[in-house]
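A quick write-up on the structure given underneath.
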Amino acid sequence: DTGVSQDPRHKITKRGQNVTFRCDPISEHNRLYWYRQTLGQGPEFLTYFQNEAQLEKSRLLSDRFSAERPKGSFSTLEIQRTEQGDSAMYLCASSPRTGYTEAFFGQGTRLTVV
Amino acid sequence: AQSVAQPEDQVNVAEGNPLTVKCTYSVSGNPYLFWYVQYPNRGLQFLLKYITGDNLVKGSYGFEAEFNKSQTSFHLKKPSALVSDSALYFCAVRDGSSGGYNKLIFGAGTRLAVHP
């Protein structure tokens with residue numbers, strides 16, 4: 001499968017715990033995005049990487065959230081001290097650098113904070 | 001402010017009938033518009049896009065969309081609906097302030113229900 005891969009698919013955690021999600025983009029794509037989707041809403045942009053550089057962060061990304069993309073390959077999104085409001089689907093997407101191509105999304109990680 | 005509106009929470013259509021899912025947008029600069037589909041507990045699958053050129057864009061699974069600049073709309077259409085088309089559909093526009101990358105603004109989604 002050469003699509004965007006996300007791990008885990010589901011995560012249940014207790015409030016206050018830290019969680020980390022992983023995204024493996026399509027191999028030739030150097031642009032990587034994280035979005036968050038809550039129930040009944042469309043995805044909301046969180047952050048953007050071009051290669052290893054994090055070029056934009058949404059104000060939705062509080063200081064409890066951190067994202068990395070070491071060596072411009074896979075990316076991780078960590079949430080510290082989780083809150084119930086963090087419960088959502090976290091979507092990763094990637095796209096090539098050139099042209100006006102669409103973003104390709106992974107299947108997402110569904111986080112439930114109890 | 002840049003935004004996307006999908007005025008219908010749900011669209012119901014009988015199998016074999018034509019379907020339309022509505023989308024209007026507000027964006028600075030030229031609009032780059034997209035439709036995605038989401039099946040239960042799945043990510044988003046790309047259907048089609050409008051960047052420039054013909055106002056009627058053809059995409060995957062027999063879907064097409066009509067770009068109307070004067071009405072700032074980008075409605076999704078299909079001539080003959082299938083039960084398997086039942087899913088959640090999202091319209092999105094590229095944020096005009098982004099540096100050419102896919103920072104997308106999504107609508108809230110429209111649930112399409114196709115009845116046998």
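Scanning region B:105-116 for residues that are within 28 Å of B:Ala1 (Cα to Cα), open to solvent by less than 40 Å² (accessible area, probe 1.4 Å) and more than 8 Å from every other protein chain (Cβ to nearest Cβ) yields a total of 2. The set of residues in region B:1-44 that are within 27 Å of A:Leu111 (Cα to Cα), modelled with pLDDT of 95 or more and either open to solvent by 50 Å² or more (accessible area, probe 1.4 Å) or basic (Lys, Arg) (or both) comprises B:Asp9, B:Gln10.
Residues in region A:33-50 that are in contact (Cβ under 8 Å) with a residue 24 or more places away in the chain, open to solvent by less than 30 Å² (accessible area, probe 1.4 Å) and part of a loop (DSSP other than H, G, I, E, B): A:Pro43 only.
Looking at region A:54-76 only, could you name the residues that are of a type in the set (A, V, I, L, M, F, W, C), assigned to a strand (DSSP E or B) and within 14 Å of chain B (Cβ to nearest Cβ)? A:Leu55 - this is the single residue of region A:54-76 that is of a type in the set (A, V, I, L, M, F, W, C), assigned to a strand (DSSP E or B) and within 14 Å of chain B (Cβ to nearest Cβ).
Within region B:85-104, restricting attention to residues that are modelled with pLDDT under 95 and open to solvent by 20 Å² or more (accessible area, probe 1.4 Å), which residue is nearest to A:Asn51 (Cα to Cα)? Going through the qualifying residues, I end up with B:Tyr101. The residue of region A:9-32 that is nearest to the other protein chains (Cβ to nearest Cβ), among those that are in contact with a Pro (Cβ under 9 Å, 6 or more places away or on another chain), in a strand (DSSP E or B) and open to solvent by less than 30 Å² (accessible area, probe 1.4 Å), is A:Arg31. One residue is enough: does region A:77-89 have a residue meeting the conditions within 11 Å of chain B (Cβ to nearest Cβ) and more than 23 Å from B:Tyr50 (Cβ to Cβ)? Checked against the condition, which is being within 11 Å of chain B (Cβ to nearest Cβ) and more than 23 Å from B:Tyr50 (Cβ to Cβ), region A:77-89 yields at least one hit. Report yes if A:Arg64 is modelled with pLDDT of 95 or more and either exposed (fewer than 13 other Cβ atoms within 10 Å of the Cβ) or of a type in the set (D, E, K, R) (or both), otherwise no. Against the criterion (modelled with pLDDT of 95 or more and either exposed (fewer than 13 other Cβ atoms within 10 Å of the Cβ) or of a type in the set (D, E, K, R) (or both)), A:Arg64 qualifies.
The values are calculated or read from the model by the stated rules, or taken from the named source; none is laboratory data. Because the structure is a prediction, the values reported are computed rather than measured. For neighbour counting, all protein chains shown are included, and Cβ atoms are generated from backbone atoms with ideal geometry for every residue, glycine included. When the accessible area is computed, the model is the full protein with side chains, heavy atoms only, and any ligands, DNA or RNA have been set aside. Shrake-Rupley method; radii C 1.70, N 1.55, O 1.52, S 1.80 Å.
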